[in-house]
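The values are calculated or read from the model by the stated rules, or taken from the named source; none is laboratory data. Every value quoted in this text rests on a predicted model; they were computed, and no experiment measured them. Here the Cβ positions follow ideal geometry from the backbone for every residue, glycine too, while neighbour counts run over all protein chains shown.
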Amino acid sequence: MHSRPNIRFLLNGRDISLDDVGASDTLLDYLRLERRLTGTKEGCAEGDCGACTVLVGRLQDGSLRYEAVNACIRLMASLDGCHVVSVEYLSGPHGKLHPVQQAMVEHHGSQCGFCTPGFIMSLYALWMQKPDPSEDEIETALQGNLCRCTGYAPIIRAAKAITEHGSPAEDALTMERDDITTRLSALQDGKRVDLRKDNSRAILPANTDDLAQVLLETPDATMVAGATDVGLWVTKFLKDISPVVFLNHLEELRKIERRDDHIHIGAGVSYSDAEAILCDEYPHLRAFWDRIAGWQIRNMGTIGGNIANGSPIGDTPPVLIALGAEITLRRGDARRTLPIEDFFVDYGKQDLVPGEFLETIRVPRPGPDARHSAYKISKRRDEDISSVCAAFNVTVQNGTIQSARIAFGGMAATPKRAASAEQALVGQTWAEASLTAAAEALAQDFSPLTDWRASAVYRMQVSKNLFRRFYAEHSGATSDVQLVRG
Ligand SMILES: Cc1cc2nc3c(=O)[nH]c(=O)nc-3n(C[C@H](O)[C@H](O)[C@H](O)COP(=O)(O)OP(=O)(O)OC[C@H]3O[C@@H](n4cnc5c(N)ncnc54)[C@H](O)[C@@H]3O)c2cc1C
Ligand code: FES
Ligand code: FES
């Protein structure tokens, strides 16, 4: 396999080639320390506050897409073939403010200003996609941006007013779209990228077969997809992650499509990209989905990473378990497929051997008569990790429960099915009493922990309550607690 020793990308429209990139170098440090583009701020350095938001454009199926991402945990090497846009790119001739900036000024959307460039970039990304967003869409786009002094009302007013100051059709990123697309296409040479800097090595395989080969050659490598977990190992735990193998540029792993009886999801599909198809097939997931992290993290984090990290409080594993998903793992040319629940062996222990990677996820398409729900219980509505996460998939025919798949996160050392509760439901009448009885069986399935997110007693009680909520929702009662913001 031919390789090259440098990454090539565009920064604010300029060609950049770097051959001294380390495995754990972040985009934020590069922008601020090396390019002196200090408009992009560092607040938390862990993907939470959004002060570091930039846009990253990349080609997918030949088409250029820009997404808001957190520069603090975006690893530099992964930018090969991308266009990075920082807040400095927004200034017009003679310092003319961009429509997003002008609207923020007029609506007093900034006080100390520290968070402002991040808000500007998130609103810019939203405005490019939806020039006249609803309040709900604005709030969703700003879930990953925190402001400690202005308050959000003026910022939301500004977001609604941007179009008074200009149109995306006249924006620089639109006008130069063809040119950037041509230049990014020219950067795609089909080669493996192999960056070596002292003891810090980063590899971007040329394609999925090459990834399999690289992992056989370097089985101790850290795989990095969206870096929304691994980025924090670098910025918070100062961990040496070299050698690193990147996955998120591989189009094959980013594929999501409907097939006859299932949805095929490449392990590198981001939360955002999964949303359209998965929530279309399973509409109950829509409200749940935008409670996963904030917009920037959903643009970066992948379904594969959420499974592979094996966290007991990851949000997608309980959902995928309840839906009956299977995963395919690959080592070299050998593949094996298993029900996703079998992947989670114990706390911190997954069924993954050195040199192996998660390649695809297969989610059955919904059958008739199935009733689905997914719930996330967390301290904050937005940008928070679950205390408890629950997913229900129950089939009812002629008033009798034929099958039940129910899975929980936050209740055990791994995401896990509630086997006793499932058993208690099958063959029973679809009635509140059946759900209440099944909830009592949870005590045989789980002995949850007390930690700073929730006590054991709370976890058990809220889990039982979710059975009643599930019943209420599917029996015509309105129960949109999770839609209430505040
Ligand atoms: C601010 C913030 C908010 C968050 N909120 C939530 C939330 O609400 N809910 C939630 O569930 N999570 C949340 N997370 C955690 C994180 O977003 C997820 O776990 C994410 O899905 C990880 O995916 P990634 O692609 O970023 O993984 P990475 O960080 O790239 O990798 C994570 C782990 O998976 C491994 N890995 C990645 N891809 C593969 C593969 N294909 N095969 C084998 N191993 C692989 C990596 O080696 C690593 O061990 C949050 C994180 C942050 C920073
Ligand atoms: S600095 Fe807070 S999200 Fe990046
Ligand atoms: S204006 Fe001060 S943090 Fe937002």
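Descriptive notes on the structure:
- Only a single item in (1) within 30 Å of Asn6 (Cβ to Cβ); (2) out of contact with any Phe, Trp or Tyr (no Cβ under 8 Å at 6 or more places or on another chain) is not met by Cys82, and it is number (2).
- Candidates are the residues of segment 368-404 that are of a type in the set (Val, Ile, Thr) and closer than 18 Å to Ala424 by Cβ; the one that is nearest to ligand 3 (Cβ to nearest atom) is Val394.
- Boolean, Thr182 is hydroxyl-bearing (Ser, Thr, Tyr), at pLDDT 95 or above and under 30 Å from Gln129 (Cα atoms): yes
- Selection of helices (runs of 4 or more DSSP H) fully inside segment 111-210 by the criterion of at least 3 residues being away from ligand 2 (no atom under 16 Å from the Cβ) and not charged (D, E, K, R) returns 116-129, 153-161, 172-175, 177-187.
- Count - residues of segment 275-297 that are within 17 Å of the chain's Cα centre (by Cα), part of a loop (DSSP other than H, G, I, E, B) and of a type outside the set (Val, Ile, Thr): 4
- Ala424 vs. criteria assigned to a loop (DSSP other than H, G, I, E, B), at negative phi and either at pLDDT 95 or above or surrounded by 19 or more Cβ atoms within 10 Å (Cβ to Cβ) (or both): no
- Given (1) outside any helix (DSSP H, G or I); (2) in contact (Cβ under 8 Å) with a residue 40 or more places away in the chain; (3) away from ligand 2 (no atom under 16 Å from the Cβ), number of the condition Ser272 does not satisfy: (1)
- When restricted to residues that are closer than 16 Å to Ala404 by Cα and surrounded by fewer than 20 Cβ atoms within 10 Å (Cβ to Cβ), segment 318-340 contains 2.
- Subset of segment 108-127 (residues that are within 13 Å of ligand 3 (Cβ to nearest atom), surrounded by fewer than 22 Cβ atoms within 10 Å (Cβ to Cβ) and farther than 12 Å from Cys52 by Cβ): His108, Ser110, Gln111, Cys112, Gly113
- Subset of segment 403-415 that is under 20 Å from the mean Cα position of the chain (by Cα) and assigned to a loop (DSSP other than H, G, I, E, B) - its residue that is farthest from Ser475 (Cα to Cα): Thr414
- The number of residues in segment 430-458 being in contact (Cβ under 8 Å) with a residue 24 or more places away in the chain and in contact with a Lys or Arg (Cβ under 9 Å, 6 or more places away or on another chain) comes to 12.
- Subset of segment 151-192 [within 16 Å of ligand 3 (Cβ to nearest atom) and touching a Gly at 6+ places or on another chain (Cβ under 6 Å)]: Pro154, Ile155, Ala158
- Residue count for segment 440-459, restricted to those that are exposed (fewer than 14 other Cβ atoms within 10 Å of the Cβ) and assigned to a loop (DSSP other than H, G, I, E, B): 3
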